[in-house]
1. Can you pull out the residues in region 54-68 that are among the β-branched types (Val, Ile, Thr) and buried (at least 19 other Cβ atoms within 10 Å of the Cβ)?
2. Going through 78, 52 one at a time, which residue ends up being part of a helix (DSSP H, G or I) and either touching a residue at least 24 places away in the same chain (Cβ under 8 Å) or within 16 Å of residue 26 (Cβ to Cβ) (or both)?
3. Starting from region 22-44, keep only residues that are within 21 Å of residue 76 (Cα to Cα), then list their pairs with residues that are of a type in the set (Lys, Arg) whose Cβ atoms are within a distance under 7 Å, requiring at least 6 positions of separation or different chains.
4. Say we look at region 19-49 and pick out the residues that are charged (D, E, K, R) and assigned to a helix (DSSP H, G or I); which of these is surrounded by the fewest Cβ atoms within 10 Å (Cβ to Cβ)?
Amino acid sequence: MCCIVALMGLVGPRVAFLFAWIFTDEVSRSIDGFWLKALGLIFLPWTALFWAIAWAPVQEVTGFGWFLVFFGVALDVASYGSGAYNRKSS
């Protein structure tokens with residue numbers, strides 16, 4: 001059961017980013033280029049998702065949006081770090 005919860009936590013932001021990419025125009029307007037979007041989907045899903053949420057057409061990312069982006073970076077780093085910590089402690 002623990003592995004299923006861990007996998008859903010890993011897949012969650014990727015699925016949300018993929019749905020936002022397919023069904024809305026926010027990701028296409030906020031992130032240029034297919035490869036940058038694909039790399040965000042694979043390696044930094046929380047950061048890419050929060051960037052698409054925080055991005056505004058006129059001002060780009062400002063104010064509280066930067067907090068969301070840095071929070072996304074922290075979540076991505078924590079997800080990679082917790083996986084390494086769990087492998088080490090087992």
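1. none
2. Being part of a helix (DSSP H, G or I) and either touching a residue at least 24 places away in the same chain (Cβ under 8 Å) or within 16 Å of residue 26 (Cβ to Cβ) (or both) holds for just one of 78, 52, which is 52.
3. Qualifying pairs under 7 Å: 27/37; 31/37; 41/14.
4. Filtering region 19-49 for residues that are charged (D, E, K, R) and assigned to a helix (DSSP H, G or I), the one surrounded by the fewest Cβ atoms within 10 Å (Cβ to Cβ) comes out as 29.
Matching residues to (1) among the aliphatic types (A, V, I, L, M); (2) at pLDDT 90 or above:
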position	(1), (2)
19	no, no
70	no, yes
77	yes, yes
88	no, no
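The values are calculated or read from the model by the stated rules, or taken from the named source; none is laboratory data. All values derive from a computational prediction rather than experimental measurement. Ideal geometry is used to build each Cβ from the backbone, glycine not excepted, and the neighbour counts take in all protein chains shown.
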